[in-house]
Amino acid sequence: MNQRLRALCDLSMSSVREYIGRHEYDGRVEDLSPEGVRAALARLGGPPEDDPHDEAQLAAFERLARLELGELELHRANPLYHVAALDVSCYDREYAPATERAEARRRHLAAWPDAVEAAVAALDRVPAPVAEALLPAAKGLPADLDVQRADPVVERAVEAHKRLVAHLEAAAAEGHPETALGRGPLERLLGTGEAMEADLGRLEERADAERDRMRAILDEACGRLRPGQPTAEVVAWLLEDHPDADGVLREAEALTAESIAFTLERGLVPGLDGECLVAPSPPSRRWALAMMSWAAPYEADAPSRYYISPPEPDWPATEQDDWLKVFSRATLPAITVHEVAPGHFAHGRRLRQLTSDVRRTLLSLSFVEGWAHYTEEVCIEEGFRADDPRFAAGVALEALQRVTRLAVSIGTHAGTMTVSEGAARFEADAFCYGPAARTEAARATFDPTYGRYTWGKLEILRLRDQARARWGAGYSHARFHDALLRLGSPPLGLMAPALEGLKG
């Protein structure tokens, strides 16, 4: 790995270790103290890449790091950077022998006291709503530690963890209420890493248009299911049809196999292989409803994990039911297509086949999430469960949730929307209720770019229209997807070379 790529990886060891598979970072925690981040940023830069596309992508990520951690200093306001750095659940996946992973986990835990000191020193600007939203994730970090054994490494890690939790509890109680970044900083945060301009006004317009388009798809599917009945009533009926907490995992396993078989049959992602397992999310990751932890590009092959967050067993029954509505028999197939195939799992398998270090390592999250969201609609086009309108309804419901994220993120960080108002927006526009709606709205406070799902999808659809126009009769989904994924996970502003057949 060249020095420029190494400098970027040193700033994000947790994600590079898990999602890229650079296991030289096993057992290490990035120094996220103010001084440590300044020193790491000073190491960015170096000789240009020979490949123009790789150079443009690398330079975009360097600019983003300088903005995110240098100018905006988000690691001082957002505990998620530190929670991710401390998280040891990454060693659960079988990418190496169990003894090797256990030793790396132990070294990682041994680094907790210093990492917590760095976190406490850095987190001096945490808004109260952000601290409150992330306290469950922070508290879940030691959930799987064996605290009954007399292990001094674990004991010191647990004591350090208590200091972090106390710091966040104080921030939740005494921190300032303002979570907004401001329109200008959000535009720059969105656009810098994507190597393009981001205009919030234009994004709001596109979000409204996409909401209306997806609502029309939902209305049509609901009309097929229950003709003459209002869409809201049909959606309520659909969401009530869900498995229990244990059944969600069983049904997700069956859907995982079905989505992979469909993707292979249609050739939607060339070269798809590998194994994907379904598992409950580790406690430290239950701030997200579902996520993929894939077999990463630089590691020996191993099963990927499709994580699903169950409701907490101590919640009241009504709140558990509201949470499980997210995994209804209309929406769980769409979620699985997104997380597994042709979505994240399939994308991760394609990344393993690339040869460029830049393209295997630097992942635009707007592309990663935009790709997976785009594939949901591709499955409708290709006839996945074509005889069951619930699938199209589920895709539309998921899209309404994602486009509401874009609207809520803009409202939250432009200072025009509170968390409560954001939750109400999710209930009104996305049929997302109770704690699930509150969790979605709260996510905007610490994940300001989580509107990236819709933005990425719209940009991929726009590029696909260009490919159809340019390639004419030579267009196919397989050709377009292969050309696009040869770029890895490019910033949205750097996708155009896919139209030229750029080699991976």
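The values are calculated or read from the model by the stated rules, or taken from the named source; none is laboratory data. Only a predicted model underlies this, so the values are computations on that prediction, with no experimental measurement involved. All Cβ positions, even for glycine, are placed from backbone atoms using ideal geometry, and neighbour counts span all protein chains on display.
Given the condition hydrophobic (A, V, I, L, M, F, W, C) and in contact with a Ser or Thr (Cβ under 9 Å, 6 or more places away or on another chain), answer yes or no: does some residue in segment 447-462 qualify? Within segment 447-462, one or more residues are hydrophobic (A, V, I, L, M, F, W, C) and in contact with a Ser or Thr (Cβ under 9 Å, 6 or more places away or on another chain).
Looking for whichever is of a type in the set (A, V, I, L, M, F, W, C) and either over 26 Å from Ser293 (Cβ atoms) or in the same structural domain as Cys9 (by TED's automatic domain parsing) (or both) here; the options are Ala372, Ala393. Which one fits? Explain how you work it out, then say what you get.
Details: Ala372 fails: either over 26 Å from Ser293 (Cβ atoms) or in the same structural domain as Cys9 (by TED's automatic domain parsing) (or both).
One residue alone meets the criteria, Ala393.
Here the helices (runs of 4 or more DSSP H) wholly within segment 1-117 that include at least 3 residues being within 23 Å of Val368 (Cα to Cα) and in the same structural domain as Glu155 (by TED's automatic domain parsing) are 3-10, 52-65, 80-86. Note on segment 220-244: residues that are in contact (Cβ under 8 Å) with a residue 12 or more places away in the chain, part of a helix (DSSP H, G or I), over 15 Å from Ala428 (Cα atoms) and out of contact with any Lys or Arg (no Cβ under 9 Å at 6 or more places or on another chain) total 3.
Take the residues in segment 289-321 that are among the hydroxyl-bearing types (Ser, Thr, Tyr) and assigned to a loop (DSSP other than H, G, I, E, B), then tell me which one is surrounded by the most Cβ atoms within 10 Å (Cβ to Cβ).
So the first thing to find is which residues in segment 289-321 are among the hydroxyl-bearing types (Ser, Thr, Tyr), and the list is 293, 298, 304, 306-307, 309, 318.
Applying the additional criterion that residues be assigned to a loop (DSSP other than H, G, I, E, B) yields 298, 309.
Numbers: Tyr298: 18, Ser309: 21.
This residue is Ser309.
Being at pLDDT below 95, more than 26 Å from Pro490 (Cβ to Cβ) and touching a strand residue (DSSP E or B) at 6+ places or on another chain (Cβ under 6 Å), is that true of even one residue in segment 231-247? The answer is no, given that none of the residues of segment 231-247 is at pLDDT below 95, more than 26 Å from Pro490 (Cβ to Cβ) and touching a strand residue (DSSP E or B) at 6+ places or on another chain (Cβ under 6 Å). Within segment 386-395, being more than 15 Å from Val326 (Cβ to Cβ) and buried (at least 24 other Cβ atoms within 10 Å of the Cβ) holds for one residue alone: Ala392. Cβ-Cβ distance below 9 Å, separation of 6 or more or different chains: which pairs start in segment 196-215 with a residue that is in a loop (DSSP other than H, G, I, E, B) and surrounded by 17 or more Cβ atoms within 10 Å (Cβ to Cβ) and end on one that is at pLDDT 95 or above and aromatic (Phe, Trp, Tyr)? Here the result reads Ala198/Trp455, each pair linking segment 196-215 to a residue that is at pLDDT 95 or above and aromatic (Phe, Trp, Tyr).
Of the set (1) free of Cβ contacts under 8 Å to residues at least 60 places away in the same chain; (2) touching a Ser or Thr at 6+ places or on another chain (Cβ under 7 Å), all apply to Ala166 but (2). Tell me, please, whether a residue that is part of a loop (DSSP other than H, G, I, E, B), within 23 Å of the chain's Cα centre (by Cα) and touching a residue at least 12 places away in the same chain (Cβ under 8 Å) can be found in segment 450-467. There is at least one residue in segment 450-467 that is part of a loop (DSSP other than H, G, I, E, B), within 23 Å of the chain's Cα centre (by Cα) and touching a residue at least 12 places away in the same chain (Cβ under 8 Å).
Go over the candidates Ala436, Ala473, Ala424, Ala414 one by one and state the one that is surrounded by fewer than 19 Cβ atoms within 10 Å (Cβ to Cβ) and touching a Lys or Arg at 6+ places or on another chain (Cβ under 8 Å).
Numbers: Ala436 fails: surrounded by fewer than 19 Cβ atoms within 10 Å (Cβ to Cβ); Ala473 fails: touching a Lys or Arg at 6+ places or on another chain (Cβ under 8 Å); Ala424 fails: touching a Lys or Arg at 6+ places or on another chain (Cβ under 8 Å).
Sole residue among the options that is surrounded by fewer than 19 Cβ atoms within 10 Å (Cβ to Cβ) and touching a Lys or Arg at 6+ places or on another chain (Cβ under 8 Å): Ala414.
Restricting Ala171, Ala137, Ala157, Ala133 to residues that are part of a helix (DSSP H, G or I), surrounded by 15 or more Cβ atoms within 10 Å (Cβ to Cβ) and more than 27 Å from the chain's Cα centre (by Cα) narrows the list to Ala157.
Considered as a group, the residues in segment 322-359 that are of a type in the set (D, E, K, R), modelled with pLDDT of 95 or more and surrounded by 21 or more Cβ atoms within 10 Å (Cβ to Cβ) include one that is nearest to the chain's Cα centre (by Cα), and that residue is Glu339.
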